[in-house]
Amino acid sequence: QVQLVESGGGLVQPGGSLRLSCAASGSIFSINVMGWYRRAPGKQRELVAAISSRGSIDYADSVKGRFTISRDNAKNTVYLQMNSLKFEDTAVYYCNAVGLTGADWGQGTQVTVSS
């Protein structure tokens with residue numbers, strides 16, 4: 001099993017930036033894909049971005065060009081740099097890891113975009 005701890009959420013004005021971090025521990029050797037999902041009020045959880053151990057990256061269309069996912073394998077950490085934030089980016093953001101032991105989730109971090 002993999003334990004995931006997110007940090008970096010908060011309140012930001014439209015057009016601002018935040019960087020989320022997700023530190024992994026436990027059975028990290030088994031991790032293949034790490035990613036970020038979000039759940040906005042009244043909506044289903046959706047994929048924001050994902051990165052594989054080989055560096056393949058996938059983004060939701062709504063964040064392309066604004067968000068950047070990166071992975072530091074030495075620190076067992078994945079990051080989500082979020083720029084040009086919009087009101088509709090407000091959500092709880094969850095870190096996810098998928099590997100040999102299945103899928104694991106972090107506890108979530110709130111991102112609120114408000115003026």
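The values are calculated or read from the model by the stated rules, or taken from the named source; none is laboratory data. These figures come from a predicted structure and were not determined experimentally. Reconstructed Cβ throughout: ideal geometry from the backbone, glycine too, with neighbour counts over all protein chains shown. Accessible surface areas use protein heavy atoms only, side chains included; no ligands, DNA or RNA. Shrake-Rupley method; radii C 1.70, N 1.55, O 1.52, S 1.80 Å.
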- line: Taking Cα pairs closer than 8 Å and at least 6 residues apart, the relative contact order of the chain in percent is 38 percent
statement: So the carbon and sulfur contribution to the accessible area of the chain, 1.4 Å probe, in percent, is 48 percent
- request: May I ask you to list the residues of region 58-92 whose amide nitrogen lies under 19 Å from a point 7 Å from Cα along the Cα→beta-carbon direction of residue 46?
  value: 58-69, 80-92
Extension reserve of the residue 101-residue 11 stretch, reckoned as 0.36 nm per residue once the Cα distance is removed: 29.0 nm
Rounded D (µm²/s) - region 59-115, Kirkwood Rh over Cα pairs, Stokes-Einstein at 4 °C, 1.567 mPa s: 100 µm²/s
- line: PRE zone check, label point 7 Å out along Cα-to-Cβ of residue 60, amide N under 19 Å, scope region 94-112, hits 94-98, 104-112
task: May I ask for log10 I(q)/I(0) of the chain at q = 0.11, 0.12, 0.21 Å⁻¹, from a Debye sum over the Cα atoms as equal point scatterers with solvent left out?
output: -0.31, -0.37, -1.11
